[in-house]
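First up is the structure itself, then whatever we jot down about it.
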Amino acid sequence: MLNDARKPPHACLPEDILAQYRSEADGLSSEEAKVRLAAQGPNRLPAPPRRHPFLRLLAQFNNALIYMLLGSAGITALLQHWIDTGVILAVVLINALLGFIQEGRAEQAMEAVRRMLAPMATVLRNGQRQAVSAVELVTGDIVLLEAGDRVPADLRLLNCHSLRMQEAILTGESVAVGKSSSAVDAEAALGDRSCMAYSGTLVSSGQGRGLVVATGSETEIGRISGLLSSVEPLVTPLLRQISEFARWLTLLILVISALVLLFGYFIHHHPFADLFMAVVALAVAAIPEGLPAVLTITLAIGVQAMAKHHAIVRRLPAIETIGAVSVICTDKTGTLTSNEMMVTTLMTDLHHYRLTGSGYAPEGHLQQDDAIIEPHADAWLEPIAAVISLCNDACLHKLDGRWNIEGDPMEGALLVLARKLGRNDDALRRSWPRIDAIPFDASHRYMATLNHDHRQHACIYVKGAPEVLLELCSGQWHPDGPARLDREHWRQRYEAIAAEGQRVLALAMKPVSHERTALAFDDLEDGLLLLGLVGLIDPTRPEAISAVAQCRQAGVSVKMITGDHAGTATAIARQAGLEKPETVLTGADLDQLSDGELMVAIKTTNVFARTSPEHKLRLVMALQANSMIVAMTGDGVNDAPALKRADIGIAMGRSGSEAAKEAADLVLADDNFATIVAAVREGRRVYDNLRKVIGWTLPTSSGEALTVIIALLLGTTLPVTPVQILWVNLITAITLGLALAFEPLEARTMQRPPRRRKEPLLTGTLAWHIVLVSSLFPCGVYGIFSYALDQGYSIELARTMAINTLVVMEIFHLFFMRNFYTTSLTPRAIAGTPIVWLTVVLVTLGQFAVTYLPLLQRLFGTEAVPFTDGLVIIGIGAASFVIIELEKQLRLRWAQLRSPK
Ligand code: ATP
């Protein structure tokens, strides 16, 4: 023992290692775990160092546009145009601050999302199985592993059932390796320590149980670390494209500015200093410097809003795609249904029982034809109680007066049944300990255990899908000995139960010799006896029903892909409101179809039953071949390829394996179908807002620039001075320019069909809108400018009216952009949002200040605008709104005419 204490865990025998870590076979007590946690610290790897905020702020100045602006500020300073220098520097500073704030916000959003994904571990504490956050693990804890789990700490395995691990993260070896609990040589290399499961590796199949021997930075992964991923920067392909676009646009604007400069100097012979100032103003106005930052904020807000709806974005590009989803492929159990299972049917060869009760409380009766039956009177129920208690990994316990289950809800429901049958599952488990097991797997669809009692008896217990078990069973259990099995009769019985929407399980057993200590698939091929069937109800979620209806309106089709029986699947599909629930393809049918045939069949089929995870991949590809954008849900380790292939892979946060979560783009914290639809809605909102931000920013900046260009090309008086343009650009960029990032969902967004796969962000409609509005701005500005001069006003007053017209038109344009797809003339549209009004008030205050405050009048060369002319300015803004609204109405009507649906 003393000797063992110096041996590494992999060289110790399983019996000794428990003592070495002062633990027990049934785990630590909660108190002891608390004490150890305080001493050892949390089981997490140290976070990577963060960049100092000052460095982050400095980094904002490191871009080509800022250099150009700083250069211009330098030249204006040389020319002693101090106000211009000040305004340009203000633009630079505000731009950097905006970038800095958005980056901080985005990082916070991602950090919060990451916290929501904190991994969990299943441990034995106080002899009971419970789920705890992986950071709370301490050495001496006993962790239960199953397929799909990510190992939460370094474990010395105590027992394993067909356990295979993916250790590539540590050893680079991509093939899964088998594990056993036998000790290995003390000198064995990491990859050869078959009795160890290392933190960060993945369970690819089987089950096991291990003792925590190292946590946090003490683990093997901790030692080689730095591997912990830092916060993902908020960059998506779309944002990258837009930044790229903005860079090219900047270049184009610089070239145009240079040409205008040359033209003005050589053709119109303007004085260089004035000309240079005008060109700088033109460039600053035209370059949408704030655009990338505002778009990033739009995405960050989307990530946060989705998290509020329980949809956690794991991979950022998903947020761009999710709104475009045209088909959602969903699981049934727990997603469309509530996964609160209860056994309501129990069928033996002689009897058809019903069970009463609710939830997981083991209170209820066994009934036949409405008469209560005493369970102990029926000899058939004895072995049934044994199989449902022993071939079962769940635990049932009472906490604060409420019955809870730990583990698979279906298995929990079986434990409740055992209690309703008057049997104590704990006592049964103590008197018939498990020796070996074949864990449940979606590919074989059953679970089997080998149990011994302490009196030289042994038995194999099996539960699983009825058609699989009926094939495996060679006879029918009977109190007097094995009897003949009438498969057709049983088939009719389970189909009848399934047609009621119940999940059906068959139960079977096989007495074996006490000598047998291992269980293999071959052992089930001969001598298995059918005991009966159980039917479980799992109510459809009411919110899923309305979410399916919403999908229908939004042109998103919903397909159910389940491992369950076709009858059960059809019944639940009907309850959930799926289209054509009676057209079902089973996994076996899918195997018969060629890819081409599947591509056709999938268009009209919405229910896929008895599928295995491999089928999901084929289904995703068939849907994508039909140009659909596919969201696919999954929970098991084998679902990972389909989740990766789907446009949006969605994993279940509660019931899903770590492997599925890691392959997914989106994790549902509540496993609920309605959450997927909420995410689609949010995705559409985010994408619309990206478009709206672009649709507002680009015409505004090019409109401002055009105003200057026209004057320079025509050689006429500038209707707005360079410093005034800079001012407008500054004040609107930090107010109006941001408002659209926060826009709520536009009316009827979920009544529009999803956008097409290849639809660009800048659609033809949006591009046309940009051209139209860009040309309206100079019309408004020159219109008011000539009106003012005609009235005999001073040039200063005419210019003041011109810049105010520019700003008023921008405000009206903002209200227009809020409803780009529907009319802007509804009370809701006009009422705006608090943020819209806040920005409007701020910008109005700014304009009043520049128009009426003497100090600013002197700085910006402005004059007070008379009240009636103020009304004319607002009238021009309103007129521009009417023009673009009329154009929109014509466009919408035209679209309606073209698609009479
Ligand atoms: P759903 O879409 O309803 O979530 P699924 O795809 O998760 O279904 P599986 O969990 O693969 O379905 O289950 C397929 C079938 O395997 C079930 O209908 C049931 O008959 C059987 N089964 C499920 N879980 C177990 C288990 N723990 N032990 C034995 N058999 C099981």
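The values are calculated or read from the model by the stated rules, or taken from the named source; none is laboratory data. From a predicted model like this one, the values you see are computed outputs, not experimental measurements. Every residue, glycine among them, receives a Cβ derived from its backbone with ideal geometry; neighbour counts consider all protein chains shown. Just the protein is used for accessible areas: all its heavy atoms, side chains included, with ligands, DNA and RNA removed. Shrake-Rupley method; radii C 1.70, N 1.55, O 1.52, S 1.80 Å.
Averaged per residue, what accessible surface does the chain expose to a 1.4 Å probe, in Å²? It would help to have the intermediate numbers written out before the result.
Numbers: 37790 Å² over 901 residues.
So the chain comes to 42 Å² accessible per residue, rounded to a whole number.
Enumerate the calculated ³J(HN,Hα) couplings along the range 746-760 in order (Karplus 6.51 cos²θ - 1.76 cosθ + 1.60, θ = phi - 60°), each rounded to whole Hz, writing x wherever the residue is Gly or Pro.
6, 4, 6, 4, 8, 10, 8, x, x, 6, 6, 3, 9, 4, x
If I fit a long axis through the Cα atoms of helix 867-898 and take the longest principal axis of the Cα atoms of the chain, what angle between them do I get, 0 to 90°, rounded to 10?
The two axes meet at around 50 degrees.
Based on the mean of other beta carbon atoms within 10 Å per residue, what is the order of 496-505, 432-441, most packed first?
Ranking, from highest mean packing down: 496-505, 432-441.
Roughly to the nearest percent, how much of the accessible area of the range 361-483 is carbon and sulfur, given a 1.4 Å probe?
50 percent
Compute the signed sum of charges (Lys and Arg +1, Asp and Glu -1) over the other residues within less than 10 Å, Cβ to Cβ, of Gln553.
Summing Lys and Arg as +1 and Asp and Glu as -1 gives +3.
Set the bar at 22 Å for Cα to Cα. Now go through Lys7/Lys179; Lys559/Lys580; Lys580/Lys616; Lys179/Lys510 and name every pair that lies beyond it.
Lys179/Lys510
Hey, how many Å between the Cα centroid of the range 455-483 and the Cα centroid of the range 109-158?
Using only Cα atoms, the two centres lie 35 Å from each other.
Which whole-Hz couplings ³J(HN,Hα) result when phi for each residue of the range 617-622 is put into the Karplus expression 6.51 cos²θ - 1.76 cosθ + 1.60, θ = phi - 60°, listed in order with x for Gly and Pro?
Per-residue couplings from phi come out as 4, 5, 5, 4, 5, 5 Hz.
Could you work out the helix-only [θ] at 222 nm for the chain, with each DSSP H run of four or more residues adding -39,500 (n - 2.57) and the total divided by the number of residues, to the nearest 500 deg cm²/dmol?
So the calculated ellipticity at 222 nm is -15500 deg cm²/dmol.
Please give the helix 64-78 orientation as an angle from the longest Cα principal axis of the chain, in degrees from 0 to 90, rounded to the nearest 10.
With both axes taken from Cα atoms, the answer is about 30 degrees.
Which order do peptides 248-254, 704-710 fall in by mean Cβ count within 10 Å, highest first?
The densest-packed peptide leads the list: 704-710, 248-254.
Which lysines, on any chain, are close to Lys398 with Cα under 26 Å apart, when same-chain ones fewer than 8 places away are left out?
Lys34, Lys420, Lys463
Report, by chain and number, residues whose modeled amide H sits under 5 Å from the one on Asn159, excluding near sequence neighbours (fewer than 5 apart, same chain).
Those lying under 5 Å, H to H, from Asn159 are Arg209.
Where the only charges are on Cβ atoms (+1 Lys, Arg; -1 Asp, Glu), what is the dipole of the chain about its Cα centre, to the nearest 20 debye?
Using only the charged Cβ atoms, the result is roughly 2260 debye.
Among rounded, prolate and oblate, which fits the chain when a ≥ b ≥ c are the square roots of the eigenvalues of its C-alpha gyration tensor, a/c under 1.5 means rounded, and a/b larger than b/c means prolate?
Judged from the Cα gyration tensor, the chain comes out prolate (a/c at least 1.5, a/b above b/c).
What's the ranking of 610-616, 217-223 by average number of surrounding C-beta atoms within 10 Å, highest first?
Sorting 610-616, 217-223 by mean packing, highest first, produces 610-616, 217-223.
List the pairs from Lys661/Lys758; Lys332/Lys644; Lys603/Lys692 whose alpha-carbon separation is above 23 Å, in the order I gave them.
Lys661/Lys758; Lys603/Lys692
Each residue of the range 606-615 in order: what ³J(HN,Hα) in whole Hz does its phi give by Karplus 6.51 cos²θ - 1.76 cosθ + 1.60, θ = phi - 60°, with x for Gly and Pro?
Values, residue by residue: 10, 10, 10, 10, 6, 8, 10, x, 5, 5 Hz.
Just to confirm the number: angle between the C-alpha axis of helix 834-852 and the first principal axis of the chain, 0 to 90 degrees, nearest 10?
20 degrees
Hey, what's the Cα Rg ratio for the range 342-537 versus the globular rule of thumb, 2.2 N^0.38 Å?
Compactness ratio reported: 0.96.
Counting only residues 5 or more places away or on other chains, whose amide H sits under 5 Å from the amide H of Ala214 once H atoms are built in the peptide plane?
Residues meeting the amide H criterion: Asp154.
Considering only the other residues whose Cβ falls under 10 Å of the Cβ of Arg654, what net charge follows from Lys and Arg at +1 and Asp and Glu at -1?
-3
Tally up the carbon and sulfur contribution to the accessible surface of the range 54-112 as a whole percent, 1.4 Å probe, everything protein left in place. Don't skip to the answer; put the middle values down first.
Numbers: 2080 of 2910 Å².
Answer for the range 54-112 is 71 percent, counting heavy atoms of protein chains only.
Over what distance in Å are the Cα centres of the range 274-315 and the range 877-901 separated?
About 28 Å separates the Cα centre of the range 274-315 from the one of the range 877-901.
Skipping prolines and chain starts, which residues have an amide H placed within reach, meaning under 5 Å, of the one on Met342, given they are 5 or more residues away or on another chain?
Amide H neighbours of Met342: Ile537.
Give me the distance between the Cα centres of the range 741-798 and the range 598-629, rounded to whole Å.
43 Å
Relative contact order for the range 54-112: what is it in percent, counting Cα pairs under 8 Å that are at least 6 residues apart?
38 percent
Taking only C-alpha pairs under 8 Å that are 6+ residues apart, what is the relative contact order of the chain in percent?
The normalised contact order for the chain reaches 12 percent.
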